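The values are calculated or read from the model by the stated rules, or taken from the named source; none is laboratory data. Keep in mind that this is a model prediction, so the values were computed, not measured. Neighbour counts run over all protein chains shown; Cβ positions are idealised from the backbone, glycine included.
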Amino acid sequence: MADVAPDSTVPNDSSSTKEESRIEPEPQEETKQEEPSVEESEGKEQSNSNVYRYIKEDLFTSEIFKVEIQNLPKFTGFNDLKKFLNKHGLNPHKIKLIGRQTFAFVTFKNQDDRDKAMKLVHGMQWKGKVLSVRLAKPKADPIAKKRRQDGEAADHVQPASKRPTDERDAGEEEPLSTQIANAVTPLWQVQYEEQLKRKECEVEAVLQKLAREIGNNNKAMLPWLFVQKEKNKGMCCPLKPIRPSPLQTEYRNKCEFVIGTGADGEDKTVGFRLGKYKGGTCAVVSPSDTIHIPKEAKHVVQAFQKYIRTSPYAVYSPETYEGHWRQLTVRTSRTSQIMAMVFFNPQKLSVEEIEALKSSMKQFFTDGEGKDSGVTSLHFVRIGQRTCAGTEDLPCELVAGDAWIHEELLGLRFRISPHSFFQTNTPAAEVLYSSVGEWAQLDQESTVLDVCCGTGTIGISLAKRVKKVIGIELCQEAVEDAKVNAKANGLTNIEFHCGKAEDIFPTVLNAVVSPNVTAIVDPPRAGLHSKVILAIRRAEHLKRLVYVACNAKAAMNNFVDLCRAPSNRVRGDPFRPVRAMGVDLFPQTMHCETILLFERVDYGSNDNAAKPQTTEK
C-alpha cells in the first residue's frame, strides 16, 4: 500500500527524482519561552492543526506511525538498517537516514508494527552501539506550512506603497514562461556546445569516482588502475567524446503533464508544476513556451485543457485529496500518430457518470473541437487516492482510436502501448543504439542478452547481426509489443521473457550454451537488482557487458559490484571498464545517457595487472 503523504505528486515532465525533505529531530529538552496570550495560543493551535490536518483524514499515511532510531553505528546504509529490522521480525514501510547515518526516521504501516519496533529495538545493541527509539513527529503538510509562514511574514512586512522603490523592484518575479523554462529545461539559455561540455565533465567525474571505488574494492586491479588513471585524467578507462543529440528542441516523444490550478490563477490548467509540492507549491504553468516539447503535444494539451474547463469536474488536489483530473500523458511519433492518456480520480462518481465522461471525451476528440489535435489513440486511466507515483501498473481503458501507436527507428518499425518504455528522444536513441551495437563487438555466433529490453528496440536492432537475442522485461505490455515488433520486422531468432530481471535472468543465463555471450543492460534509473549483478559475475561464459545508464551516479553500486574482488557473496572473475561515452538524449537539461563497456578480467594471464579477455577495438 502506498502513502498519500503530503508530498505526493503525480510525476511531471521534469527528469528530477523525488526527494524526501529532511525532518529535524525533536529537541531533547523544552526551552523556556514567554507564555503566549490566549489569542496567540488559539491561533498557534489552529495553525498546527492545519499543517497536520492530512493525518486526521480517512486516508492511509505512514507518517502517523513514525519513530526515530538514534545512536546507529556510523555510516549505516539503508540496506544495513532494513536487514537489521527484518532480522528481528520488523517490516518498515519507509526508512530515511539522517546525519551521517547515525540516526534514522522509520515509518510503519500500522500502530502495532510501530509499537513492536519501539519495544524490541530500544536498548538493543548493534555493532557496539546501544540503540534508542522514540516517537517522531509527522511531516507538516508543505503547502499548509508555507501558507502559514507566508501569513506570518505578511504580518511583519510593510505595504509595498510604504517600502522604498528599489526594494519593491528587487522583488519583481520573472515571467512565468521563464520560471517554468528554468524548472524543466534549466540549460535552455546555455549554448549547446557548452551543455555538452558540462555533461561530459559529469561523466568524467563518475569515472574518476569509479576508479577510486575499484581501487578500494579490488586490490588486484591496482597496477592496471594506476596505468589507466595516469592515461585518462584520473578516470578508470578512456572517455570517448560525447555524442550530441541530432535534435536539440522539440525532441521529447513522451510528455507527462500535471493538471492543477494555474500560477496565473486560471483553474484547470494543464502543464508543468512550477515547483515541488514539498517546496510549498502546486501551481501549474502551460508548456506553450518550453522548447523541448513538440508542437504536436502542445496542441493536444491546449485541446484537452479546453475540454476539462467545460467539464463539471474539479482538478485533483494533493493537499485535500479531493477532485478528479490528475495527469495527461502525450506520446508522439515520426509516423504522425499521437497517443493521449488521461489520468482521472473517480472519487465517488457512479459507473454511469464515468461512462458518460468517457463518451464525452471520445466525442470531443473524434468529432468535436479536439479532432484537429490529431489524437489517434485515446486512453482513460483510473487513478486512486493511494497512487502517488509509478502509474505503470494501472490498467488503461481504450476510449477512442487504436490501442497503440507506432514509431520508426533505424529503419525498423515498433509498436508502442501506453505503459511500454521507449526512449524519449528517437533520433538520439538511434545514435545510442548504434554505439551500443559497435561496442558489443558482435558476430554471427553471438548470443545477446537484452536486459530491461522495453519494446525490444536494442535487441531487435541487433538481431540480424547475431545468432540469437533473448530479451527480459518487467512490463507485460512492453513484452507483447516486443514480440509483435520482432515478427513485424521479420525476425525469428529472438525471444522475450516477462518478469523481474532478478528472478528470470539467472535461469535464462544458465540455459545459454553459446561460447560468445554478450549482455546489454538498459535498466531504470536506480540500476539493476544486485541478484542480476551476482548472476552476471557467476556466468563465466559471459565475457562482455554493455551498460546503458540513464543515471550513472545511481548505478555506481552496480559498477562497483561488477568490478569488486571475488568473495563468498560475489563469485566469478570480476569485470573492468574498458571505455565509456556520454550520449545526449536530453538537451536543455543536465541529464544524459552513459554507455560503459565492461569486459571480464583474465586472471590466467601472466600480466600481473590482469588483462580483459577480449581486445578493445
Exercise for the section: May I ask you to say which residue of Val508, Val484, Val479 is at pLDDT below 90, among the β-branched types (Val, Ile, Thr) and farther than 19 Å from Gly437 by Cα? Expected result: Val508
Practice task
Take Asn489 and decide whether it is polar (S, T, N, Q) and under 27 Å from the mean Cα position of the chain (by Cα).
Solution key: no
Exercise for the section: Output the number of residues of the stretch 184-241 satisfying the condition of being of a type in the set (Lys, Arg) and closer than 30 Å to Gly271 by Cβ. Expected result: 2
Handout entry: Top-ranked residue of the stretch 555-577 - restricted to ones that are of a type in the set (A, V, I, L, M, F, W, C) and surrounded by fewer than 21 Cβ atoms within 10 Å (Cβ to Cβ), ranked as modelled with the lowest pLDDT
Key = Val570
Handout entry: Identity of the residue in the stretch 86-108, farther than 18 Å from Lys137 by Cβ and modelled with pLDDT under 85, that ends up farthest from the chain's Cα centre (by Cα)
Key = Thr102
Problem - Candidates Ile293, Ile308 - the one that is of a type outside the set (Phe, Trp, Tyr), surrounded by 16 or more Cβ atoms within 10 Å (Cβ to Cβ) and farther than 25 Å from Lys358 by Cβ - result: Ile293
Practice task
May I ask you to verify whether Ala429 is in contact (Cβ under 8 Å) with a residue 12 or more places away in the chain and either closer than 27 Å to Cys592 by Cβ or within 22 Å of the chain's Cα centre (by Cα) (or both)?
Solution key: yes
Practice task
Considering only the stretch 513-566, state which residues are in contact with a Lys or Arg (Cβ under 9 Å, 6 or more places away or on another chain), hydroxyl-bearing (Ser, Thr, Tyr) and in a strand (DSSP E or B).
Solution key: Thr518
Completion exercise
Residue count, the stretch 225-253, condition under 30 Å from Glu430 (Cα atoms) and surrounded by fewer than 18 Cβ atoms within 10 Å (Cβ to Cβ), comes to 9
Practice task
Please work out if Ile472 is farther than 12 Å from Asp522 by Cβ, assigned by TED's automatic domain parsing to the domain that holds Glu430 and buried (at least 23 other Cβ atoms within 10 Å of the Cβ).
Solution key: no
Exercise for the section: For residues that are in contact with a helix residue (DSSP H, G or I) (Cβ under 6 Å, 6 or more places away or on another chain) and either within 14 Å of Gly368 (Cα to Cα) or buried (at least 22 other Cβ atoms within 10 Å of the Cβ) (or both), tally how many sit in the stretch 296-305. Expected result: 2
Completion exercise
The correct count of residues that are within 14 Å of Thr76 (Cβ to Cβ), assigned to a loop (DSSP other than H, G, I, E, B) and touching a residue at least 12 places away in the same chain (Cβ under 8 Å) in the stretch 89-123 is 4
Handout entry: Count - residues of the stretch 527-553 that are under 21 Å from the mean Cα position of the chain (by Cα) and modelled with pLDDT under 90
Key = 6
Exercise for the section: Kindly indicate whether any position in the stretch 530-538 is in contact with a helix residue (DSSP H, G or I) (Cβ under 7 Å, 6 or more places away or on another chain), polar (S, T, N, Q) and surrounded by fewer than 19 Cβ atoms within 10 Å (Cβ to Cβ). Expected result: yes
Completion exercise
Screening Leu207, Leu247, Leu239, Leu225 for residues that are of a type outside the set (Phe, Trp, Tyr) and in contact with a Pro (Cβ under 7 Å, 6 or more places away or on another chain) leaves only Leu247
Problem - Conditions (1) within 27 Å of Gln179 (Cα to Cα); (2) outside any loop (DSSP other than H, G, I, E, B); number of the one not met by Ile293 - result: (2)
Exercise for the section: Please list, ordered by first then second residue, the pairs with beta carbon atoms under 7 Å, 6 or more apart or interchain, first in the stretch 498-521 and surrounded by 14 or more Cβ atoms within 10 Å (Cβ to Cβ), second among the β-branched types (Val, Ile, Thr) and assigned to a helix (DSSP H, G or I). Expected result: Cys498/Val479; Ala501/Val532; Glu502/Val532; Phe505/Val532; Ala519/Ile536; Ile520/Val436; Ile520/Ile458
